[in-house]
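What follows is a single structure, written as structure tokens, with notes after it.
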Amino acid sequence: MAFSNQPSNDTFFVESDQPSHRISARDAAKMIARNKQEVLANELSRLACDEYLEDIMQHMRHMEDETLPDANLIDMQREIQWFMRPYLIDFLIEAHAAFSLLPETLFLTVNLLDRYCSKRVVYKQHYQLVGCAALLIAAKYGDKKDRVPQINELNNMCCGLYDAGMFTQMEMHVLNTLDWNIGHPTVDFFTQLIVAEERDGREVEHMAAYICEIALYHRDFVSTKPSIMARASLALARAILLKPEVNDGEWDHTENVTLLTLSQHLHQPSVTLSRKYSNPYYSKVSGKLADFLAQQAAIARRGAPPSPPCEHTLSSKPNNIYSTPHKGFGSMPGVADGYMTPPITPDGACFGQNNGMMKDYQAPPRCPVTPTPQPNHMSAYPQQQQQHMAAGPSYYGSTSSHMSY
């Protein structure tokens, strides 16, 4: 989105390309004194930060726990599904780049979106509207005022799908649902702390940011703490860029699992995200990640043992192709489990005539089904979630009276 650079009489600050006039000695003295005050204030802020750093980190970790979304509750949504998430994240990344917002604004946007979806029923036609409202709130919270998106601009990006008033209503609805608790320590916050402490380069920082944004697309990381995500992404970024690993203490089981899961989701990043990080400003880390994965795949092919021959090639039975073990047709355990895969009967008039080709076909016998007790479906959920599911729509709270979300 383009912002107008034309001076306006309605603003107090007007930029001009005209050369500045010489200032008087009195104004120069005031400017020097103001600069000294700024330097002194920055030094005092640094000293205060060092003194209260432990208290700050304790508060941040408390807020990290308080503002963490619950992926299990999002699973209970009726209409929105996880396969819809990549499309919305692509849209938010493009909008975030179009308005040149801060990196932490994107992570705060997704956090607000997931927290709202953990508490309210969201219809699929309003999923994008909730994302736009979360982007508005996150930009107003931590970004510059002149970069906050305008509602008409977001409406244009949504192709006029919503009325202008719906953005304001949804924005207020999200704030009320979250009790106006917006302060979430994002993964970018913890990444900056670790980078400053370990003195990682810009390339490592950009690669870690790329990995963290890849994680936004997947359910596996919705309930992962930002501090754990920051540490795991930086360790993975150093390994990809062949940088020495930092020995910052032992890793617990959660951090090891997060690192392993992250490495398994790097192979097919979003095209939109890959294009964003192919820019030289981000050290072209998307291309470097693709090269690293290609090298790892080539090494794995060279070192992999030869594949064993398929089982059906060693068998002389012609009907063995129909004996492939097959899971049941539904999610009910014990229903149709253990049956042989039935042969496929083509449709069409040309296959309706009995030309003698199939008269010798003998259907394979059906395997007996081992009787197993049917489990209770509610036993798979914790006791707290059973109560939530039993509560029905009232668990998510009542929707707005003037607009149904």
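The values are calculated or read from the model by the stated rules, or taken from the named source; none is laboratory data. Just so you know, these numbers come straight off a predicted model, no measurement behind them. Note that each Cβ is placed from the backbone with ideal geometry, even for glycine, and that neighbours are counted across all protein chains shown.
In segment 206-225, is there at least one residue being out of contact with any helix residue (DSSP H, G or I) (no Cβ under 6 Å at 6 or more places or on another chain), under 19 Å from LEU102 (Cβ atoms), surrounded by fewer than 20 Cβ atoms within 10 Å (Cβ to Cβ) and touching a residue at least 60 places away in the same chain (Cβ under 8 Å)?
No.
State all residues of segment 180-211 that are closer than 17 Å to MET60 by Cβ and part of a helix (DSSP H, G or I); if no residue qualifies, say none.
Answer for segment 180-211, where residues must be closer than 17 Å to MET60 by Cβ and part of a helix (DSSP H, G or I): VAL187, ASP188, PHE189, PHE190, THR191, GLN192, LEU193, ILE194, VAL195, ALA196, GLU197.
Just the residues that are surrounded by 12 or more Cβ atoms within 10 Å (Cβ to Cβ) and without any contact (Cβ under 8 Å) to a residue 24 or more places away in the chain, please, taken from segment 257-290.
Matches in segment 257-290: VAL257, SER274, ARG275, SER278, ASN279, LYS284, GLY287, ALA290.
Give the number of residues within segment 157-180 that are touching a helix residue (DSSP H, G or I) at 6+ places or on another chain (Cβ under 7 Å) and either touching a residue at least 40 places away in the same chain (Cβ under 8 Å) or of a type in the set (D, E, K, R) (or both).
Within segment 157-180, residues that are touching a helix residue (DSSP H, G or I) at 6+ places or on another chain (Cβ under 7 Å) and either touching a residue at least 40 places away in the same chain (Cβ under 8 Å) or of a type in the set (D, E, K, R) (or both) number 7.
With respect to ASP252, is the statement that it is modelled with pLDDT of 90 or more and not β-branched (Val, Ile, Thr) true?
Judged against the criteria, ASP252 is not a match.
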